[in-house]
Amino acid sequence: MGFSKILIANRGEIACRIMRTARRLGIKTVAVYSDVDSHSPHVHMADEAVAIGPAEAAASYLNADAILDAVKHTGAQALHPGYGFLSENTAFAATLEAQGIKFIGPGAKAIEVMGDKIASKTFASKAGISTVPGHPGVVADADDAAAIAGKIGYPVMLKASAGGGGKGMRIAWNDTEAREGFGLASNEARSAFGDDRIFVEKYIVDPRHIEIQILADSHGNIIHLGERECSIQRRNQKVIEEAPSPFVDETTRVAMGAQAVALAKAVGYESVGTVEFIVDANRKFYFLEMNTRLQVEHPVTELVTGLDLVEHMIRIAEGAPLALTQDDVKMTGWAVEARIYAEDPTRDFLPSTGRLVRYRPPREGLVDGMTIRNDTGVVEGSEISVHYDPMIAKLCTHGPNREAATDHMRDALDRFVIHGIEHNIPFLSALMHHPRWREGRLTTNFIAEEYPDGFTGEDADDQSIETMAIAAAVMDAISNNRRRGISGQMGGRPVVFSRPRVIALAGREIEAEVNSDDGFEVILTEDDSRRLVRTEWRPGEAVIEAVIDDRAVAVQVRPIVNGYRLSHRGLSLDARVYTPREAELARLMPVKLPPDTSKFLLCPMPGRLVSLDATLGQHVKAGEVLCTVEAMKMENVLRADRNAIVAKINAAPGDSLAVDAVIMEFEV
C-alpha cells in the first residue's frame, strides 16, 4: 500500500529535493522547521509545516521527541530523514519502527552496524570485504591516540565513529598531531553527532575516494548503480563529485560493485545506500564506510542513470520490489556536481554568513544535449545562519562526455549570481579549469597539493582580461545609449560611439571604441583589432551574456563608481571606464593602503570561541595554536603567523564573535 503523506525530518535543499519527488508521486508532505527557518523555502513548499524548536540543531532537527510529535500530530505514515541530523540514528529508526511509523531508509539493525564506523569495519572484514588496516577499538584519550598511531605507523587518520560529511576527521603525521587531532576530532564529533568516540586507521597516501551506489529491496534484490568519484575534497569535505570516475575501469567497477552488493546482503540492507572505498594508485580498493542514507552527491548518479533515487527509496519503504535488474542499469554520458558553499576561499575557506541580497542560479533544463540542474534550499533574501552546514546549493551538469560536462559546468558557474555573502564559486571555476582536473589526475590531496598557500583567485590571463574589457566597453555604450534616449538626444537614431574609452583593469589600460548599429563593433585601438559583439544585456541585469565574434561568454556585473565589478572564469576585477581625460586624471589619484592589522588576531568568521590556548604575556612562536573558533559545525584552529608576545586578550571561551573581532593583541 502506498503512502499518502510523509514527513521530511530535514531542512534546506535536501528537504526540497525530497518534496519534489513526493509531489510528482502524489504524496503530501510535512515540513519541520526551527525558529530561524520559519520562512525557508522547504517550509513553503510542503503541504503542512510544524515548528520543532530553536535554531540550535540539538534542540530542533536533532530533537527526536519533537519530530515524533510532529509525525503523530500530522498523521504522516512515513518519515524521510534526508541526510545528516537523524538520518543514521539507530535509536530514532528503532523508535519509529516500534510505533508503526515507516522509516524511509534501512532498518535499525543495518544503521547500527553500518552507521558506526568501528562496527562497520569489523563487520565488513568478517564478510570478506577489503578493509584499511587500523585499530578496531575506541581511542581512550590523546595519549592513547598517539600510542595506537605509533603501532599502526604514520600517517594515520583519526575519525569519529558516528561521523560523516568530513566532520570529526584529522590526519596525523606524528605524535603531536595525533594528540592535537584527537581533541579536535572528538570535539567536532560531540558537537555534530552527540558521540565523541574516535578510532584510528592507516592513512592511504595519494588516495582516490570512490563510492558505489546500491539499491536493495525487502525481497532480497540488490543491485548497484555504478560509481561516483569524490576525490576533490577540502578538510575531508567533498567539493566536486562526478559519475562515472575517470580512473575506474570496467574490471574495477565490477569488483567494487560486487563487494558493495555482498556487504549490503550480509547486513540485510533495504533501501538506497552507498558503500565508500579508498582506492590507491594501483586500483587496489579498501572499504571505508557505508552511508545508510541518501548521499549529498546522489544527483550525479541520477543524471547518468536516469533514475530517481528518492522515488526508489519511497517505493522500497512501501514494500515494492525493485523495478529493474543489474542488467537494466546503464550509465549514459557524464555528470559533474559542484557544491556551492557560503565560505570565503581567499580566507582559507572560512564560513560566511549573512543575507542573500541577490541569488540568481543559472537556468535549469536540457538544451542541445546538455543539462543543468541546481538543487537548492534558499531563495533571494534567505539568511545564511551560523547554525547549519554552509552548503547552499548543488550545481550539476550533464553532457555526453567528461570534457563537455566540465565545460558546461564552467559556463554555468559564470552565470551563478550570489551577492551578500562570500562564496566559493570562483574556486569551483578554477578547479574546472585546472590541468589536473581536466586530465582526471585526482587524489583526495588535490586541493592541499595544488593550493598549499590557499586560494588567491585565478590569474588574470589575456583572454579573460580582453573579454571583461570588451564587456565593460559594450555595457558603457548601452548605458550611454539609454541615457541619451531618456534625455531625447538620440532622436530615434542608433548612436555611433566614436570617441575612445579607456578601460582600466588588472593594472592595465585598454583603449576601445564602440560602434552601435547591428550589434556592437568594438575596436581595440592598441592593434586596431575588431570584435563583433551581440548581446541583449540591459542596465541593471546581473549577468551580461554575449557572443564575441563566435564565442559565447557570460560575465557577472556589479556597478561601481565609474565602471563595473566583473566576474568571469573565477576571476573578479574592477573595470573602470574613462574618457581619455578622465583616465589621465585617475592616474594622479593617490592609492589608499589597507590598515596594518599585523598586531591583532582577528576572528576570520562569525563563530563561538571554543578555547584559548595562549595566555597574557606568553611568548608565542609562528605556527603555535592561539585559539579555536567553532562555526557551522566545524572547529577552526587559529595559529600565530609570527613570533610575538601576547599583550592583550579581548575574548573568553564561550563568547560569540563577529568577523574581524579582535581576539588578541600582540607586541612584535
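Observations
- Residue within the stretch 334-347 that is crowded, with 19+ Cβ neighbours inside 10 Å and farther than 30 Å from GLY420 by Cβ present: yes
- Qualifying residue in the stretch 131-140 (condition: closer than 24 Å to HIS219 by Cβ and touching a Phe, Trp or Tyr at 6+ places or on another chain (Cβ under 8 Å)): no
- Matching residues in the stretch 432-485 - criterion: being among the polar types (S, T, N, Q) and buried (at least 16 other Cβ atoms within 10 Å of the Cβ): THR443, THR444, SER464, THR467, SER479, ASN480, ASN481
- Pairs meeting the criteria (first residue in the stretch 299-312 and in the same structural domain as GLY26 (by TED's automatic domain parsing) and within 24 Å of ILE6 (Cα to Cα), second residue modelled with pLDDT of 95 or more and buried (at least 21 other Cβ atoms within 10 Å of the Cβ), beta carbons under 9 Å, at least 6 apart or on different chains) are lacking.
- Of the strands (runs of 3 or more DSSP E) lying entirely inside the stretch 187-251, those containing at least 2 residues that are touching a strand residue (DSSP E or B) at 6+ places or on another chain (Cβ under 8 Å) and among the polar types (S, T, N, Q) span 222-234.
- Flag if LEU356 is more than 30 Å from GLN77 (Cα to Cα), of a type in the set (A, V, I, L, M) and modelled with pLDDT under 95: no
- Taking (1) more than 20 Å from the chain's Cα centre (by Cα); (2) among the β-branched types (Val, Ile, Thr); (3) crowded, with 21+ Cβ neighbours inside 10 Å in turn, ILE210 satisfies each apart from (1).
- When the stretch 319-360 is filtered for residues that are under 29 Å from SER40 (Cα atoms), over 16 Å from the mean Cα position of the chain (by Cα) and assigned to a loop (DSSP other than H, G, I, E, B), the ones remaining, listed by number, are LEU356, VAL357.
- Here GLU227, GLU242, GLU180 are screened, and the one residue that is more than 30 Å from VAL310 (Cα to Cα), of a type in the set (Asp, Glu) and not assigned by TED's automatic domain parsing to the domain that holds PHE446 is GLU180.
- Some residue of the stretch 294-308 being assigned to a loop (DSSP other than H, G, I, E, B), modelled with pLDDT under 95 and more than 20 Å from THR444 (Cβ to Cβ): no
- Selection of first residues in the stretch 601-627 that are over 24 Å from GLU422 (Cα atoms) and of a type in the set (S, T, N, Q) and of second residues that are modelled with pLDDT of 90 or more and not in a strand (DSSP E or B), restricted to Cβ pairs under 8 Å at least 6 apart or on distinct chains, gives the following pairs, ordered by first then second residue: SER611/PRO653.
- Pick from the stretch 225-255, criterion in contact with a Phe, Trp or Tyr (Cβ under 8 Å, 6 or more places away or on another chain) and of a type in the set (Asp, Glu), ranking: surrounded by the most Cβ atoms within 10 Å (Cβ to Cβ): GLU242
- Pair list, Cβ under 8 Å, 6 or more apart: the stretch 515-533 residue at pLDDT 85 or above, other residue hydroxyl-bearing (Ser, Thr, Tyr): ASN515/SER498; PHE520/THR535; ILE523/SER529
- Flag for LYS648 being more than 30 Å from ALA412 (Cβ to Cβ), surrounded by 11 or more Cβ atoms within 10 Å (Cβ to Cβ) and over 35 Å from the mean Cα position of the chain (by Cα): yes
- Criterion: acidic (Asp, Glu), touching a residue at least 40 places away in the same chain (Cβ under 8 Å) and either farther than 17 Å from PHE287 by Cβ or outside the structural domain of GLN259 (by TED's automatic domain parsing) (or both) - qualifying residue of ASP116, ASP141: ASP141
- Any hit, the stretch 171-183, residues being of a type outside the set (D, E, K, R) and within 22 Å of LEU86 (Cα to Cα): no
- If the condition is being under 17 Å from ASP660 (Cα atoms) and of a type in the set (Ser, Thr, Tyr), then the stretch 583-612 contributes THR597, SER598.
- Filtering the stretch 433-447 to residues that are in contact (Cβ under 8 Å) with a residue 60 or more places away in the chain and of a type outside the set (Ser, Thr, Tyr) leaves HIS433, TRP437, GLY440, LEU442, ASN445, PHE446, ILE447.
- Condition check for ARG415: outside the structural domain of GLU545 (by TED's automatic domain parsing), touching a Leu at 6+ places or on another chain (Cβ under 8 Å) and either crowded, with 22+ Cβ neighbours inside 10 Å or closer than 21 Å to GLU458 by Cβ (or both): no
- Residues considered: PHE103, PHE123. Of these, the only one that is aromatic (Phe, Trp, Tyr) and surrounded by fewer than 20 Cβ atoms within 10 Å (Cβ to Cβ) is PHE123.
- Here is the figure for the stretch 230-249: residues that are of a type outside the set (Val, Ile, Thr) and either closer than 19 Å to PRO345 by Cα or under 15 Å from the mean Cα position of the chain (by Cα) (or both) total 10.
- Output for the stretch 152-178, where each listed residue is surrounded by fewer than 19 Cβ atoms within 10 Å (Cβ to Cβ), over 22 Å from the mean Cα position of the chain (by Cα) and either at pLDDT 90 or above or not in a helix (DSSP H, G or I) (or both): GLY153, TYR154, PRO155, TRP173, ASN174, ASP175, THR176
The values are calculated or read from the model by the stated rules, or taken from the named source; none is laboratory data. Keep in mind that this is a model prediction, so the values were computed, not measured. Ideal geometry is used to build each Cβ from the backbone, glycine not excepted, and the neighbour counts take in all protein chains shown.
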